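Asker: Structure provided below as structure tokens; questions to follow.
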Amino acid sequence: MNNLVFNQNGAALTNSLLVAEKFGKRHDHVLRDIKNLIDSTQNWGQLFVSTTYTDNSGKSNPMYIMNRDGFTLLAMGFTGKKALEFKLQYIEAFNKMESALINKFTLPQSFSEALRLAAEQAETIEKQQLQIETQKPKVLFADAVEMSDNSCLIGELAKILKQNGVEIGQNRLFEWMRYNGYLCTRGELYNQPSQSAMELGLFELIKRTINNPDGSVRTTCTTKVTGKGQIYFVEKFLRKKSA
């Protein structure tokens, strides 16, 4: 599973060839999907990097390298039960690679190098302690949500994000979710969860039937963020803020 994700200069990455192979898609179709995302995504250079690879015939072909966020954005468009299984495998592979990178340890080759590594380790510990302190609200939030089955409205999620230091209001959060493919953008499904977001378990759709005074019946749909979704979005915005 780890060959889905590789280490490059201390970063956990994957590429369009691996994604195409694992999801059973044509590579040119994956390249097309990435190009469409690039055309509609700001700061795409932080998510995808254009490069090439050499095939068996010696021909150079285009390829994209992507980080976890780039893969997540791309894979949101892949639907079906099998696609969901592969997404989960990729998430596990990213987690394992990132954990390995964090815990990587190199033996010093000299006394001076040992001193340097000791100083770096002390600095790292200090930074980690500071990070633990700054992330306490987030950790407490995640623990609380995991103990609860309650979903919340998107407006309530905006308030939770503000409590965790992310300055965003309800309207901007709706706009961000539509722009990034979590919510539908048009027609009767406007502001309802996209299929890929539902497959990730980020939302639930609450339907209610209302009897009008004239005897007619109408159905309303309310989008709510699941506990899993609340943790997902808080962590995503906090990673973006600290980047």
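Asker: Output the number of residues of segment 197-243 satisfying the condition of being surrounded by fewer than 15 Cβ atoms within 10 Å (Cβ to Cβ), closer than 22 Å to residue 86 by Cα and among the hydrophobic types (A, V, I, L, M, F, W, C).
Answerer: Result for segment 197-243: 0.
Asker: A follow-up question, please. Could you list, in sequence order, the residues of segment 61-75 that are of a type in the set (A, V, I, L, M, F, W, C) and within 15 Å of residue 88 (Cα to Cα)?
Answerer: Taking segment 61-75 first, the residues of a type in the set (A, V, I, L, M, F, W, C) are 63, 65-66, 71, 73-75.
Residues satisfying the conditions are 71, 73, 74, 75.
Asker: Ok, one more. Of all residues being of a type outside the set (Ser, Thr, Tyr) and part of a loop (DSSP other than H, G, I, E, B) in segment 185-196, which is surrounded by the fewest Cβ atoms within 10 Å (Cβ to Cβ)? Just the residue, please.
Answerer: For segment 185-196, the residue satisfying everything is 186.
Asker: Listed residues 37, 4, 18; which is buried (at least 18 other Cβ atoms within 10 Å of the Cβ), within 15 Å of residue 90 (Cβ to Cβ) and without any contact (Cβ under 8 Å) to a residue 40 or more places away in the chain?
Answerer: 18
Quick grid of which residues meet (1) free of Cβ contacts under 8 Å to residues at least 60 places away in the same chain; (2) out of contact with any Cys (no Cβ under 8 Å at 6 or more places or on another chain):
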| site | (1), (2) |
| --- | --- |
| 164 | no, yes |
| 167 | yes, yes |
| 173 | yes, yes |
| 190 | yes, no |
| 197 | no, yes |
| 205 | yes, no |
| 218 | yes, yes |
| 221 | yes, yes |
| 232 | yes, yes |
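Asker: Moving on. What strands (runs of 3 or more DSSP E) completely inside segment 1-62 contain at least 1 residues that are closer than 24 Å to residue 179 by Cβ, at pLDDT 85 or above and touching a strand residue (DSSP E or B) at 6+ places or on another chain (Cβ under 7 Å)?
Answerer: 11-15, 48-54
Asker: Follow-up question, since we're still on this one. Quick check, is residue 39 closer than 22 Å to residue 184 by Cα and not hydroxyl-bearing (Ser, Thr, Tyr)? Walk me through it before giving the result.
Answerer: On the way: closer than 22 Å to residue 184 by Cα: yes; not hydroxyl-bearing (Ser, Thr, Tyr): yes.
Against the criterion (closer than 22 Å to residue 184 by Cα and not hydroxyl-bearing (Ser, Thr, Tyr)), residue 39 qualifies.
Asker: Assuming residue 204 fulfils every condition listed in (1) over 13 Å from residue 233 (Cβ atoms); (2) in a helix (DSSP H, G or I) apart from one, which condition is it?
Answerer: With (1) over 13 Å from residue 233 (Cβ atoms); (2) in a helix (DSSP H, G or I) applied to residue 204, the lone miss is (2).
Asker: Considering only residues that are polar (S, T, N, Q) and surrounded by 13 or more Cβ atoms within 10 Å (Cβ to Cβ), look in segment 157-184 and name the one that is modelled with the lowest pLDDT.
Answerer: Of everything passing the filter in segment 157-184, 164 is modelled with the lowest pLDDT.
The values are calculated or read from the model by the stated rules, or taken from the named source; none is laboratory data. Computed from a predicted model, the values in this text were never measured in an experiment. Note: ideal-geometry Cβ built from the backbone for every residue, glycine included; neighbour counts use all protein chains shown.
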